[in-house]
Amino acid sequence: MKLIRIKLRDESIRYARIVGDGKAQLFSDDYFSPLTDETVELKDSTLLSPVVFKKALCIGLNYSEHIKELDFIRPEKPVVFLKPSTALLDPFGRIEHPSLSERVEYEAELCVVIKDRCRNISESDVDKYILGYTIANDVTARDLQEKTGQWTICKGFDTFLPIGPYISDEVDPDDLRIQSILNGKVMQDDRTSHLIFPVRYLVSYLSKCMTLERYDVILTGTPKGVSPMKKGDEIICRIESLGELVNYN
Ligand code: MG
């Protein structure tokens, strides 16, 4: 199932599932409510981020080639940080370049969406608590990453977390091609099979650190090939079977 959140012509915001032929069937409320008989044409609606999260847990330094390009040390345990809900940006939205930074970079990442509240779950139970997968761009003010001592500022600006275009429960998260394309040029190109800490390990680990709640998201880290964007640039994050997340600067 492919899940989306859309704004209709009458400005109402609805949760829906893609049913093919450019159409979507509406839920009565969110993804956990009954489906209605109503279908809409996708071309008549505006795509929004498919999830509105309470917390975004993000993993840094999870591909060895990316660790090398940033000149960091391979971590023994996952490097975890949080992004605020105010960082969320819709597909096709514009990434703001903050006045405090002179170097804003993209980071294409596989994003896990949590289905149900959970805590202390084992890796073998993780799938029960995952709604599906989507694409995120962990936008980063790289010049502030070291200067500010930790990563809250450099990764927490408004619009620094585009998510979309849809959530799918039909993929194997452990082997997906992941790419970013800046102004038509492929900049990142790797597979999630190269994650140091794989998806099920991460969800289990994080559930032992704090309660995970419905619609929390987990960003799983970015491959090598990060570089700056400038105003006017188009950035596409693409993951096999999950479509393309397009944003502008
Ligand atoms: Mg990242």
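Scan the stretch 101-125 for residues that are more than 16 Å from the ligand (Cβ to nearest atom) and either surrounded by 22 or more Cβ atoms within 10 Å (Cβ to Cβ) or not assigned by TED's automatic domain parsing to the domain that holds THR220 (or both) and the total you get is 2.
Of all residues in the stretch 9-25 being within 23 Å of the chain's Cα centre (by Cα) and of a type outside the set (Ser, Thr, Tyr), which is surrounded by the fewest Cβ atoms within 10 Å (Cβ to Cβ)? This residue is ILE13. Every condition in (1) within 16 Å of the ligand (Cβ to nearest atom); (2) closer than 15 Å to THR159 by Cα; (3) crowded, with 18+ Cβ neighbours inside 10 Å holds for PRO91 except the one numbered (1).
Counting the residues of the stretch 188-246 that are out of contact with any Leu (no Cβ under 9 Å at 6 or more places or on another chain) and among the small types (Gly, Ala, Ser) gives 5.
Tell me, which strands (runs of 3 or more DSSP E) wholly within the stretch 141-249 include 2 or more residues that are within 14 Å of the chain's Cα centre (by Cα)?
161-168, 177-182, 217-219, 234-239, 243-248
For the stretch 141-153, which positions are more than 13 Å from LEU82 (Cβ to Cβ) and either modelled with pLDDT of 95 or more or of a type in the set (Asp, Glu) (or both)?
First, pick out the residues of the stretch 141-153 that are more than 13 Å from LEU82 (Cβ to Cβ): 141-149.
ALA141, ARG142, ASP143, LEU144, GLU146, listed by residue number.
Hey, does the stretch 180-201 have a residue that's in contact with a helix residue (DSSP H, G or I) (Cβ under 7 Å, 6 or more places away or on another chain), buried (at least 23 other Cβ atoms within 10 Å of the Cβ), of a type outside the set (Phe, Trp, Tyr) and closer than 30 Å to SER122 by Cα? Scanning the stretch 180-201, I find no residue that is in contact with a helix residue (DSSP H, G or I) (Cβ under 7 Å, 6 or more places away or on another chain), buried (at least 23 other Cβ atoms within 10 Å of the Cβ), of a type outside the set (Phe, Trp, Tyr) and closer than 30 Å to SER122 by Cα, so the answer is no. Exactly one residue out of ILE67, ILE73 is more than 15 Å from the ligand (Cβ to nearest atom), assigned by TED's automatic domain parsing to the domain that holds GLN150 and modelled with pLDDT under 95, and it is ILE73.
The values are calculated or read from the model by the stated rules, or taken from the named source; none is laboratory data. Everything quoted here is computed from the prediction, not taken from an experiment. Ideal geometry is used to build each Cβ from the backbone, glycine not excepted, and the neighbour counts take in all protein chains shown.
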